[in-house]
Amino acid sequence: MLGRESIVFVIDDDPSFCRSTKLLLESAGFDVQTFGSAEDFLQSPRPDVPACLVLDVRLPRLSGLDLQRAFPKAGIHLPIIFLTGHGDISMTVQAMKGGAIEFLTKPFRDQDLLDAINRGIESDRAARYQRASMEGLRACYASLTTRERRSWLLSYQGC
C-alpha cells in the first residue's frame with residue numbers, strides 16, 4: 001500500500017459517494033481528503049506529497065474537465081482518475097487527451113479504482129523526482145561562472 005506518505009483527493013458532489021469512497025480507500029491504507037466541488041479543492045491547502053485525484057466529470061459550476069484544463073495554469077501537477085455515471089465517448093477522449101490516467105464509469109469495481117490510484121501515485125512520485133532532479137541541475141548550472149558555463153557547453157556539445 002502506498003498510503004501515509006501519499007494522499008488521494010476525491011472530488012464529487014455526492015456526499016454519500018465521497019463517504020463510501022473515503023472508507024474504501026482508507027481501508028486500503030490511503031490517506032484521503034474529499035471535496036464537494038472543484039472550487040473547494042482549489043481553495044484548500046494540499047500537502048506536498050505524492051498524490052492523485054479521483055474526479056467526477058460532472059460537477060456544479062466548474063466541471064471535472066474544466067478543472068483538468070485549469071491545472072497547468074495553476075501549476076498543479078496531479079494524475080487524474082475520472083469517474084462518471086453519465087459518460088460518453090467524446091467526454092472520455094477529452095479527458096484522456098488532457099492527460100487523465102483512467103476513466104471509470106459508475107458503478108466500477110473497487111479493485112479497478114485501487115489499481116488506478118496505485119498507478120497514479122507511483123506516476124506522481126516519479127514525476128516529482130524528475131522535477132526535483134531538473135531543479136537541482138538548474139541550480140547547479142546557475143551557480144557556474146560564465147567561463148565554467150562555456151566550458152560545460154563545449155564539452156556537452158562533444159557528446
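All of the numbers you see were taken from the coordinates with simple rules; none came from a lab. Predicted model, so just to flag it, every value in this text is computed and none were measured. Virtual Cβ from ideal backbone geometry, glycine too; neighbours counted across all protein chains shown.
Of the residues THR105, THR146, THR21, the one with the fewest other Cβ atoms within 10 Å heads the list, and the complete ranking is THR146, THR105, THR21. With the charge dipole of the chain set up from +1 on Lys and Arg Cβ and -1 on Asp and Glu Cβ about the Cα centre, the Cα lying farthest toward the positive end among the listed residues PRO15, ALA28, ALA116 is that of ALA116. Taking the number of Cβ atoms within 10 Å of each Cβ as an exposure proxy, the fewest-first ranking of GLU5, GLU122 is GLU5, GLU122.
First measure r as the distance between the Cβ atoms of LEU137 and LEU42, then evaluate 1/(1 + (r/R0)^6) with R0 = 30 Å and state the FRET efficiency to the nearest 0.05. In this case the efficiency is close to 0.45. Under 5 Å from the amide H of LEU59 lie the amide H atoms of GLY64, each residue being 5 or more positions distant or on a separate chain, with H modelled from the backbone and absent for Pro and chain starts. For the stretch 7-157, averaging the sequence separation of C-alpha pairs within contact (under 8 Å, six or more residues apart) and dividing by the residue count gives a relative contact order of 20 percent.
Dividing the summed -39500 (n - 2.57) terms of all DSSP H runs of n ≥ 4 by the residue count of the chain sets its mean residue ellipticity at 222 nm at -17000 deg cm²/dmol. Panel values: the chain, Kirkwood radius from alpha carbon pairs, Stokes-Einstein at 25 °C and 0.890 mPa s, translational diffusion coefficient 142 µm²/s. Sequentially through the stretch 21-34, phi angles give Karplus couplings (6.51, -1.76, 1.60; θ = phi - 60°) of 5, 4, 4, 4, 5, 5, 5, 8, x, 8, 7, 9, 10, 10 Hz, Gly and Pro residues having no value and appearing as x. Computed across the stretch 109-159, the Kirkwood hydrodynamic radius from all distinct Cα-Cα pairs reaches 13.8 Å. With the simple spin-label model, which puts each label point 7 Å out from Cα in the Cβ direction, the VAL93 to GLU148 separation comes to 5.2 nm. In this rough spin-label picture, where each label sits 7 Å from Cα along the Cβ direction, the ASP66-ASN118 distance is 3.6 nm. Between the stretch 89-136 and the stretch 13-42, how many Å separate their Cα centres? Here the answer is 16 Å between Cα centres.
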